[in-house]
Amino acid sequence: MTAPDPGSAPAPPGAEPAGPTIEELQRRYGGRLVGWLQLVHLPLLIGAGVVMLGLLAWTVADIVARSVFNNPLSGTVELTELAVVAMVYLGLSYAESRDTHIAVDLLYVRLPVRAQLALRVFAGLVSLVVIAVMTWRLYVYAGQLDAGGYITGILQIPLYPVALLAVLGAATFGLAVLVNTAVSMRALLRRR
């Protein structure tokens, strides 16, 4: 059994112990599907880290240029906006696979384990629909950006590659939700 998350509150007095974590469910019911998902989202996570380090280096260079030479680097705001989009979308699948999204669980921890699993499955199915629509619309938007030749104002960076990174991140986020939903469904069906 894994240690409880230090950021989570203990179950209220009189409540059943909290249900299994997603890591426990993945270990028990995930099999090769979870291992495959890790192979998919690990390069994206590394990519998000590289983008973050690049943004950090650019920001430091901008601060030095502004402070020492009184000449800030052009396009800092544009690069920051593009980098944040890339970092967020590329990190979504990892956050989902580890169940580290922000959540309010005041009621959830009071539910019996079967109800918690059923709620995970329901939330996963609803999330899959929302993520599918979001991914599709991002793809359409990336096409519009490409067809229109949209670029940033100062550095003239095309916008569609960043939108395609968002499509990739959203699609892998959907895969992670699908895996977690399938794992939760297997756990629910085997708890009869």
Exercise. Taking the options Tyr94, Tyr139, name whichever one is modelled with pLDDT of 95 or more and among the hydroxyl-bearing types (Ser, Thr, Tyr).
Key: Tyr139
Exercise. Examine segment 98-109 for a residue that is buried (at least 16 other Cβ atoms within 10 Å of the Cβ), in contact with a Lys or Arg (Cβ under 6 Å, 6 or more places away or on another chain), at pLDDT below 95 and under 27 Å from Pro43 (Cβ atoms), and state whether such a residue exists.
Key: no
Quiz item: Of all the residues that make up segment 67-96, how many are surrounded by fewer than 19 Cβ atoms within 10 Å (Cβ to Cβ), assigned to a helix (DSSP H, G or I) and more than 15 Å from the chain's Cα centre (by Cα)?
Solution: 6
Quiz prompt | Neighbours by Cβ (under 8 Å, 6+ apart or cross-chain): first from segment 24-53, without any contact (Cβ under 8 Å) to a residue 40 or more places away in the chain and closer than 26 Å to Leu189 by Cβ; second among the aliphatic types (A, V, I, L, M) and in a helix (DSSP H, G or I) | solution = Arg27/Val34
Exercise. Could you list all residues from segment 110-146 that are small (Gly, Ala, Ser), more than 14 Å from Val183 (Cα to Cα) and touching a residue at least 12 places away in the same chain (Cβ under 8 Å)?
Key: Ser127, Ala132, Ala142, Gly143
Quiz item: Residue check, Gly174 against (1) over 13 Å from the mean Cα position of the chain (by Cα); (2) part of a helix (DSSP H, G or I), all met but one. Which one?
Solution: (1)
Quiz prompt | Enumeration of residues in segment 97-109 that are part of a loop (DSSP other than H, G, I, E, B), touching a residue at least 12 places away in the same chain (Cβ under 8 Å) and more than 20 Å from Arg191 (Cβ to Cβ) | solution = Arg98
Exercise. Out of the residues in segment 121-165 that are over 24 Å from the mean Cα position of the chain (by Cα) and assigned to a helix (DSSP H, G or I), state the one that is surrounded by the most Cβ atoms within 10 Å (Cβ to Cβ).
Key: Asp146
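The values are calculated or read from the model by the stated rules, or taken from the named source; none is laboratory data. Quantities reported herein were computed from a predicted structural model and do not represent experimental measurements. In this analysis, Cβ positions are derived from the backbone assuming ideal geometry, glycine residues included, and neighbour counts consider all displayed protein chains.
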